[in-house]
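A.B. asks: Let me begin by handing over the structure; questions about it come next.
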């Protein structure tokens, strides 16, 4: 039986912060709600404290990704991009564990917007979150940053009440600058989430802002239909589909969606990055305009049964 990983107890001091509770657990880091020990005018009274797992802290690649997240996100000032406040290291048991203090979004990740098989998408919230995410990405691109891992799990919401929630783009751990020439894949492994990965990323080719646009389009397909563009059983099959298969029409999954959306997504998900839209905002603006007067059909309620039915 695997040992349970110990997490800091409420009240534990990490740098200038006091942990209140665990709010998210990932494969390489945990995220805590924390408060500054001494209030600062430039910081809110609640922050998200991301702490690298002790086992990961000794791994050079994990530490580099952690440091890169703070370095790149700190350069970007936009209301829909997670704000970074400070970073440091805590020591204990002979280990040095990095941590980051950043904006606490307050709501869930946007994968909560993915409709279940028995529900329809929340169109107003999806359009708002997509528009704000597009604005955040275009801001990053104007500052020569490519996110490289756009997906619903990395777009946070600022409120648990979806009608009031705004988008916050997070997790810049594998982001890169446009002029970065370092290898995009190591030992044949792609860095990023394959379900949302553009063909050029999967083939270790030169990336561009259109690479993030492709991932945002994949996220929108999932928000609208419940599945990413190419739901396949294996990573190899998903990769092959991104590179070779035609884009499935959205109306094949949601017949009530405007048929004009099919061509919009065909362009945003073009195999050749040069064939996509100029900006993410241009792409999402067309979607917002198209969806303005669209209302999902009501799902019929299950019929009530009466009487006695023997087994």
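A.B. asks: Quick one: order 259, 170 by neighbouring beta-carbon count within 10 Å, fewest to most.
C.D. replies: So the residues, fewest neighbours to most, are 259, 170.
A.B. asks: How high is the relative contact order of the stretch 110-290? Use alpha-carbon pairs under 8 Å, at least six apart in sequence, and give a whole percent.
C.D. replies: Across the stretch 110-290, relative contact order equals 25 percent.
A.B. asks: Hey, another quick one. Determine the calculated [θ] at 222 nm for the chain from helices alone, applying -39500 (n - 2.57) to every DSSP H run no shorter than 4 residues and normalising by the residue count; nearest 500 deg cm²/dmol.
C.D. replies: Rounded to the nearest 500, the figure is -8500 deg cm²/dmol.
A.B. asks: Below 8 Å, C-alpha to C-alpha, sequence gap of six or more: please give me the relative contact order for the stretch 20-130 in percent.
C.D. replies: Value for the stretch 20-130: 21 percent.
A.B. asks: If you build a Gaussian network model of the chain, linking Cα atoms that sit under 10 Å apart, which residue out of 281, 71, 298 swings the most?
C.D. replies: Highest fluctuation of the listed residues: 298.
A.B. asks: Follow-up. Report the residue, chosen from 255, 229, 108, that carries the largest GNM mean-square fluctuation when the chain is represented by alpha-carbon nodes joined by springs under 10 Å.
C.D. replies: Top of the fluctuation ranking is 255.
A.B. asks: May I ask for the equivalent-ellipsoid semi-axes of the chain, computed as the square root of five times each C-alpha gyration tensor eigenvalue and listed largest first in whole Å?
C.D. replies: 34, 26, 20
A.B. asks: If you count, for each residue, the other Cβ atoms within 10 Å and average over each peptide, how do 272-280, 122-130 line up from highest to lowest?
C.D. replies: 122-130, 272-280
A.B. asks: Taking Cα atoms, how many degrees apart are the long axis of helix 123-142 and the longest axis of the chain, rounded to 10 and kept between 0 and 90?
C.D. replies: 50 degrees
A.B. asks: Please arrange 116, 40 by counting, for each residue, the other beta carbons lying within 10 Å of its beta carbon, fewest first.
C.D. replies: The most exposed by this proxy come first: 116, 40.
A.B. asks: Given the stretch 28-175, report the % of alpha carbon pairs whose separation exceeds 21 Å.
C.D. replies: Result for the distance tail: 47 percent.
A.B. asks: Helix 235-244 versus the longest principal axis of the chain: what is the Cα-based angle in degrees, 0 to 90, to the nearest 10?
C.D. replies: Orientation of helix 235-244: about 60 degrees from the principal axis.
A.B. asks: Compute the orientation-averaged projected area for the stretch 13-103 from the convex hull of its Cα atoms and round it to one decimal in nm².
C.D. replies: 6.0 nm²
A.B. asks: What FRET efficiency comes out for residue 143 versus residue 46 if R0 is 25 angstrom and r is the Cβ-Cβ distance? Round to the nearest 0.05.
C.D. replies: Here the calculated transfer efficiency is 0.40.
A.B. asks: Please build a GNM for the chain, connecting alpha carbons under 10 Å apart, and tell me which residue among 118, 138, 16 fluctuates the most.
C.D. replies: Per the Cα network of the chain with a 10 Å cutoff, 118 tops the list.
A.B. asks: While we're on this one: Pull up the DSSP beta bridges for the chain and report the antiparallel fraction as a percent, rounded to 5.
C.D. replies: 95 percent
A.B. asks: Follow-up. Any chance you could give the angle, 0 to 90 degrees and rounded to 10, that helix 209-225 forms with the longest Cα principal axis of the chain?
C.D. replies: Helix 209-225 sits roughly 60 degrees off the main axis of the chain.
A.B. asks: Could you please tell me the mean projected area of the C-alpha convex hull for the stretch 110-290, averaged over all directions and given in square nanometres to one decimal?
C.D. replies: Average projection, Cα convex hull of the stretch 110-290: 10.0 nm².
A.B. asks: Given Cα pairs under 8 Å that are at least 6 residues apart, what percent is the relative contact order of the chain?
C.D. replies: Across the chain, relative contact order equals 14 percent.
Bear in mind that the values in this text are calculations on the coordinates, not laboratory data. Treat the numbers as computed from the prediction; the structure is a model and nothing was measured. Backbone-built Cβ (ideal geometry, glycine too); neighbour counts: all protein chains shown.
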